[in-house]
Amino acid sequence: MQYAGEKFYPEGVRWDEPIAVGLVPALLEESARKFGDRAAIEFRDRQISYRELNAKVAQAAAAYLRDGLARGTSIGLFLGNTPDHPVNFFGALKAGARIVHLSPLDGEITLKHKLTDSGARVVVTSNLSSIFPRALELLDAGIIDRIIVCEDEAWGEAENKLASYDKRPAIVTYAEFNAEARLPAAWPAVELDDVALLQYTGGTTGLPKGAMLTHRNLTAAVSIREVWTRSFRAKRNVAERVICALPLFHIYALTLILMKRLRYGDLISLHQRFDLEGIMRDIEVKRATVFPGVPTMWIAITSLPDLDRRDLSSLAYCSSGGAPLPVEVGAIFERKTGLRLRSGWGMTETASPGTTHPSNGPDKPGSIGLMLPGIEIDIVAHDDPHRVLPAGEVGELRIRGPNVTRGYWNRDEGRSEWFIGDRFLTGDIGYMDADGWFYLVDRKKDLIISGGFNVYPQLIEQAIYTHPDVKEVLVVGIPDEYRGEAAKAYITLRPDAARFSIDHLRAFLTGKIGKHELPAELEFIDELPRTNVGKLSRQALRDQLSSRPA
């Protein structure tokens, strides 16, 4: 295949380069051998070396093996950004199990669905007031059988730690779980195509589907980026200090920060959340060199009134992902700092990599960049996904590569909706220009991306329908200056019901859905539009709204 965009690639990089693959735990083991006492993670100003991290992973793996949590077992990780995540992520995979990421942002409906669908009966969580009580609810409801509680204070002074919690037999602390677990004479055999991670995503509509990401997929994602950055890293020849404020339960942070940076021997400066002044301290005082963020983070930074006087000189590379970066935000950042924000595109189903911008390429505002080495993207017709369109014509992005999922967990019957052979239909609508640069213009269906997180209208609608005064509801995405997009609910009321405020609705929905899924706006409407077979139609609603007078 000839790819026009290859002429813009970094020096010495080819599109058709071989992409190395391997087992996920071996990635860390190799780095521990190479980098030893070099710092791998910094958390609450404490550094953890590669050797120490690898030893903790091996100990965790031994405990999982002892308890029979090995091949064929799904284990739920219900954790925020803490070193407990990589310890248990790599540890469970070393034992041969597969991981299911549960987000602290998930509402009750989503949590129950992910656990039931994946078959995960054991959940690893923290003794934090923000998440442990929710894990306990899952245990009480019979959704899970066991909770392993990581004690957050083990990593230094903890915020929001529970003073005490129920110590029934089904609940064990991580220290108790690890006690007396002995390393085996040999670790269990794990295959490249074993599912390592069930990463749930809505894709287009409905309850989240579990993208099956294998050891091959995840390590290929790292290798693709390794090939792309080879010349950049060779020229710098330093261990980078990389800010990780993105959630490790999100595929972007998992592969392109945690796994990739551990592969390189860099230091990951792990933040529990995005705290603007904490991030600026990491840059200005601790001299961070790399900062991958999402648009909401860059919007917050560009809004600093004194940004042009802040010292960002240590940053060698900063990037934006997770959602489209507004062109104006990138322009403001560059004007005030002299640094260029690089952006790209990827999906849960691609273990994140898809396209990116070269460091020294031409400035093409609005583009998502060039397809990365080892990845093949084409544009196909809306009405015939077998028909490839020429440059400049708008259609659906179709992708294949060693990083692309082989399908969704328990969803074999729907494969033809998402795959044409080994090519995945992304649901994103766009085009490729004559130079090989890709552009997005819309999404095929109804997914809302709010602050880098996938928000599924149908899930919000299901929760709103539990309100006693609601007759019918449709949720669509609307522009949001900070998050890129937000949800707006259009509601018809039951007879004699009184209208209520957006604050009332958000309070009613709190706990049922995630905070990031709460509608930003509400409008009551006499009648919602329907298809010719009587189904409520979001597309017809959008058409109706677009025809309103400005």
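Each value in this text was obtained by applying a stated rule to the coordinates, not by laboratory testing. Keep in mind the model is a prediction, meaning the values are calculated, not measured. Cβ sites come from the backbone with ideal geometry, for glycine too, and all protein chains shown count toward neighbours.
Here are some notes:
- Translational diffusion coefficient of the range 203-336 (Stokes-Einstein, Kirkwood radius from Cα pairs, 37 °C, 0.692 mPa s): 204 µm²/s.
- FRET E, pair E376, E153, Förster distance 56 Å, beta-carbon r, rounded to 0.05: 0.70
- Likely footprinting exposure, R134, R499, R236, fewest C-beta neighbours within 10 Å first: R499, R236, R134
- Using the average count of surrounding beta-carbon atoms within 10 Å as a protection proxy, the listed peptides 227-233, 169-175 rank, highest first, as 227-233, 169-175.
- Antiparallel content of DSSP bridges confined to the chain, in %, to 5: 60 percent
- Which listed pairs, of K364/K535; K56/K167; K34/K112; K515/K535; K286/K488; K112/K445, have C-alpha distances above 30 Å, in listed order: K364/K535; K34/K112; K286/K488
- Per-residue Karplus couplings for the range 453-460, computed as 6.51 cos²θ - 1.76 cosθ + 1.60 with θ equal to phi - 60°, are listed in order as 9, 6, 10, 10, x, 4, 5, 5 Hz, Gly and Pro entered as x.
- Counted over the range 95-206, the DSSP beta bridges are approximately 10% antiparallel.
- Cα→Cβ-extended label distance, 7 Å offset, between A55 and S546, nm: 6.1 nm
- GluC sites (Glu not before Pro) lying in DSSP loop within the range 121-215, provided at most 13 other Cβ fall within 10 Å: E157, E159, E180, E191
- J(HN,Hα) series, the range 85-98, from Karplus relation 6.51 cos²θ - 1.76 cosθ + 1.60, nearest Hz, glycine and proline x: 5, x, 4, 7, 4, 5, x, 5, 5, 5, 6, x, 6, 10
- Legend: calculated FRET efficiency, R14 to D496, from the Cβ-Cβ distance at R0 = 60 Å, rounded to 0.05, equals 0.30.
- Length released on extending from L315 to A179, taking residue separation times 0.36 nm less the Cα-Cα span: 44.7 nm
- Take every pair of alpha-carbon atoms less than 8 Å apart whose residues are at least six positions apart; their mean separation over the length of the range 24-69 yields a relative contact order of 29 percent.
- Our helix-only sum for the chain, with -39,500 (n - 2.57) per DSSP H run of n ≥ 4 divided by its residues, gives a mean residue ellipticity at 222 nm of -7500 deg cm²/dmol.
- Segments 333-340, 80-87, 24-31 sorted - mean Cβ within 10 Å per residue, highest first: 80-87, 24-31, 333-340
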